[in-house]
Amino acid sequence: MDAVVVRRRLIRWLRLIGLALLSVFLVAGLGQCGAWQGVAQSATDFVFLPNSGIVNVKAAPYGAKGDGQTDDTAAIQAAIAENRTQLIYFPKGTYLVSDTIRVQASNGQQKRFFLQGESQSETIIRLADQNANFQDSEAPRPIVSFWEGEVNDATAFRNQIRGLTIEAGENNPGAIALRFRANNYGSVENVTLRSRDRQYQGRYGLDLSVGLNGPLLVKNLVVDGFEVGVHFAGALHSATFANLQLQHQQQYGLYNRRQVLSIYGLKSQNRVPAIVNDSEGYPAHGLITLVDADLQAGARDTVAIDNTHGGGLYARNVRTEGYQAAIANATEANVTEITTPVAEFVSHPVRSLFASPERSLQLPIEPAPSLQWPPLADWLQVEPSGEDDTAAIQAAIDAGKPIVYFAAQEYTVSAPIEIRGSVQALVGLGAASLKTSGALRDSDQPVFRLVEGRSPTVWIEGLETNLGKAFFIEQASPRSLVLRHLGTGGYRNLAAGSRLFIEDVAGWRWYFRQQQVWAWQLNTEASSESGSINIDNEGADVWILGLKTERDVPVVTTHAGGRTELLGGFLYGNREIPAGTAAFSSEDASQSLVFAGYNHAFEPYVSEIRQGDRRHLSASAVYPIKYGRMMPLFVGYSAADRAVEQEKS
């Protein structure tokens, strides 16, 4: 057997053994502030931190009651309008509303809003029964709306709603539970959208069809009722879903028209189609990636996934019950039906440059560990100095508390800070931000360096940065690292065998080295004038669900035996891209890619080298869509990985 194949197999076995041992250690050792959880579980109740700048809607001057009887519309609207960039907190209770809650500042701005409920199940915003403003299903209105008016740009950064339920009361057929918009990073997380009507009336549960929407992350969402559970239509944009539960819809579970959707962990209990991937006629198509779906209770005369309008579909590990077929697919005149279970399905012929198995890499999938909110006594706030906060941040980390948090203000760092000792998480509340100063700003040194410490996993979340040339973080320890809800750039790994989890992050300069990486909604936008890269994979296993990029430099470069699996990419060509710039390149490495390109195209889209032989996949070889191209699956196995696959079969 070839020595390279032997080495690859040994590495894989060591990784599997290491993962098993580490998982046991995590479950046994993390305790309350970080027990290992899958994507299917939501976090525990949010802890309210006094004197932290958090705005409590029940406190003065707003005085919402949350008693299920008092109309809290005006109180909630005032709290939101006056506190953009602050974390707006809804304690447990039922907040009765009679009109749309507009997530909009007094000056009209509709970005950097943070709505946080205490509990997904016990914090409820409820539209009153039979409300006169919510009767027309042809002109539906949202109960909570993150966008009103015209859309002139894509700057709805960091919008976020977490940990609550939105309910449409009885007999409100024109209700949309939540209209949400975010750009580059933003999220709907641990949210339930429910129709209380006995016939499950209501137009949409989640409406993402505001113009220029995404990229964004929807995680741990339950939609119960409404005509359509999730609605996403318009020009080509993108969204990523992790753990979506749909039930009792009357028309479709999820409706997509022309968008790029990446979905992991879909559960549906519906007689109607769980997914419809629609178009606006040839070639105005969208692209859906679906991994791990359980679609139950279907009617015998319909299909679970309707992809008969020419769109792109990549589906894997799909199980259905009751439906006529799992998938109906049509890329030309003929309709093909695929029965359950579906191991892997691609709507269009798979593309390759070298001989490769016609299936994705199927790298192991690990959901990010969930950070549960610990008791109040375990939190410590960084007190800003007003000038240089480096020493204050390091002192807070070294104080022995599990959670160090930053209020919604700007902090300045002038030298690298070590993450060590007992700290488990650095958490920004609201629009907390960091900037660099002095020599650090003009260097490639990191703001944070992860070194040895007591917690096997460290979380960093909720920060926006202005770093100059500095890197955000350097992973110098094999401890697992979770990066969530961040607007930052600059990561490099120095610890072989480490694990990195990314959720809802916007930034570039990602140097992955000899490690495992899982990314859920990553927005990376390096430009030629910056001299920066997007993603460099040197010998790592990199799994990405939902990637968005723009500008004019390569998206992912994979080499030194690395493996990159991209499940749903949106390449927005907002400028001319120099000829010869490949979006995805690999040299004696492996990659499997599901993506769509819009506007200016990369030429070529894919470039690969195998033992000195260079080949290109030109834009003309990628399937056409309106104003762009799509690739439901490209595969390129290295010689070593191809040999391993041949041995398996």
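The values are calculated or read from the model by the stated rules, or taken from the named source; none is laboratory data. Keep in mind it's a predicted model, so treat the numbers as computed, not measured. With ideal geometry, Cβ positions are generated from the backbone for all residues, glycine too; neighbour counts draw on all protein chains shown. For accessibility, only protein heavy atoms count, side chains too; no ligands or nucleic acids. Shrake-Rupley method; radii C 1.70, N 1.55, O 1.52, S 1.80 Å.
For region 193-228, what are the residues that are among the β-branched types (Val, Ile, Thr), within 18 Å of LEU164 (Cβ to Cβ) and open to solvent by 10 Å² or more (accessible area, probe 1.4 Å)?
First pass over region 193-228, keeping only residues among the β-branched types (Val, Ile, Thr): 210, 218, 222-223, 228.
Among the residues that remain, those that are also within 18 Å of LEU164 (Cβ to Cβ) are: 218, 222-223.
Across region 193-228, the qualifying residue is only VAL222.
Restricting attention to region 462-486 and to residues that are of a type in the set (A, V, I, L, M, F, W, C) and in a strand (DSSP E or B), the residue that is farthest from VAL423 (Cα to Cα) turns out to be PHE471.
Residues that are in contact with a Pro (Cβ under 7 Å, 6 or more places away or on another chain), closer than 25 Å to TRP147 by Cβ and outside any strand (DSSP E or B) do not occur anywhere in region 65-75.
Right, GLU587: touching a His at 6+ places or on another chain (Cβ under 6 Å) and either over 19 Å from LEU545 (Cα atoms) or free of Cβ contacts under 8 Å to residues at least 40 places away in the same chain (or both) or not? If you could, list the steps in order and put the result at the bottom.
On the way: touching a His at 6+ places or on another chain (Cβ under 6 Å): yes; either over 19 Å from LEU545 (Cα atoms) or free of Cβ contacts under 8 Å to residues at least 40 places away in the same chain (or both): yes.
Criteria met by GLU587.
Listed by first and then second residue, the pairs linking a residue in region 390-404 that is of a type in the set (Lys, Arg) to a residue that is surrounded by 13 or more Cβ atoms within 10 Å (Cβ to Cβ) and part of a helix (DSSP H, G or I), with Cβ atoms under 8 Å apart and 6 or more places separating them unless they lie on different chains, are LYS401/ASP378.
As a summary of the residue check, GLY174 satisfies the conditions (1) buried (at least 24 other Cβ atoms within 10 Å of the Cβ); (2) over 17 Å from the mean Cα position of the chain (by Cα) except for the one numbered (1). Of the strands (runs of 3 or more DSSP E) lying entirely inside region 99-167, not one carries at least 3 residues that are at pLDDT 95 or above and open to solvent by 10 Å² or more (accessible area, probe 1.4 Å).
Quick one: how many residues across region 617-649 are in contact with a strand residue (DSSP E or B) (Cβ under 7 Å, 6 or more places away or on another chain), more than 15 Å from SER356 (Cα to Cα) and touching a residue at least 60 places away in the same chain (Cβ under 8 Å)? Give the derivation first.
So the first thing to find is which residues in region 617-649 are in contact with a strand residue (DSSP E or B) (Cβ under 7 Å, 6 or more places away or on another chain), and the list is 617, 619, 621-623, 625, 627-639, 641.
If we keep only those that are more than 15 Å from SER356 (Cα to Cα) as well, we get 619, 621-623, 625, 627-632.
In the following step, the residues that additionally are touching a residue at least 60 places away in the same chain (Cβ under 8 Å) were identified as 621-623, 625, 627-628, 630-632.
Residues that pass the stated criteria total 9.
In the set (1) under 30 Å from ILE403 (Cβ atoms); (2) open to solvent by less than 30 Å² (accessible area, probe 1.4 Å); (3) in contact (Cβ under 8 Å) with a residue 40 or more places away in the chain, the condition left unmet by ALA64 is number (3).
Taking region 341-378 as the range and being open to solvent by less than 20 Å² (accessible area, probe 1.4 Å) and outside any loop (DSSP other than H, G, I, E, B) as the test, only VAL342 passes.
Here is a yes/no grid of residues against (1) aliphatic (A, V, I, L, M); (2) in contact with a Ser or Thr (Cβ under 8 Å, 6 or more places away or on another chain); (3) at positive phi:
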site	(1), (2), (3)
GLN86	no, no, no
LEU96	yes, yes, no
ASP99	no, yes, no
ARG102	no, yes, no
ALA128	yes, yes, no
GLY163	no, yes, yes
PRO173	no, yes, no
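Of the residues making up region 177-190, those that are under 19 Å from LEU87 (Cα atoms), assigned to a loop (DSSP other than H, G, I, E, B) and either open to solvent by less than 10 Å² (accessible area, probe 1.4 Å) or not hydroxyl-bearing (Ser, Thr, Tyr) (or both) number 4.
Restrict the check to region 320-327 and report whether at least one residue is free of Cβ contacts under 8 Å to residues at least 24 places away in the same chain, open to solvent by 20 Å² or more (accessible area, probe 1.4 Å) and farther than 30 Å from THR564 by Cα. Give the derivation first.
If we filter region 320-327 for residues that are free of Cβ contacts under 8 Å to residues at least 24 places away in the same chain, which is where we start, we get 325.
Restricting the remaining residues to those that are open to solvent by 20 Å² or more (accessible area, probe 1.4 Å) gives none.
Within region 320-327 (the criterion being free of Cβ contacts under 8 Å to residues at least 24 places away in the same chain, open to solvent by 20 Å² or more (accessible area, probe 1.4 Å) and farther than 30 Å from THR564 by Cα), the answer is no, since none of the residues qualifies.
State which residue pairs qualify: first residue in contact (Cβ under 8 Å) with a residue 60 or more places away in the chain and inside region 455-478, second residue of a type in the set (Lys, Arg) and part of a strand (DSSP E or B) in any location, beta carbons under 6 Å apart, and separation of 6 or more residues or different chains. Note: pairs meeting the criteria are GLU461/ARG484.
Step by step: first the residues of region 179-207, then only those that are over 15 Å from GLN521 (Cα atoms) and β-branched (Val, Ile, Thr), then the one that is farthest from the chain's Cα centre (by Cα). Which residue is that? Across region 179-207, the extreme among qualifying residues is THR192.
Within region 559-581, being surrounded by 14 or more Cβ atoms within 10 Å (Cβ to Cβ) and either among the acidic types (Asp, Glu) or part of a strand (DSSP E or B) (or both) holds for HIS559, ARG563, THR564, GLU565, LEU566, LEU567, GLY568, GLY569, PHE570, LEU571, TYR572, GLY573. Is it the case, given these coordinates, that GLY286 is modelled with pLDDT under 95 and either under 28 Å from TRP518 (Cβ atoms) or open to solvent by 30 Å² or more (accessible area, probe 1.4 Å) (or both)? Yes: the conditions hold for GLY286.
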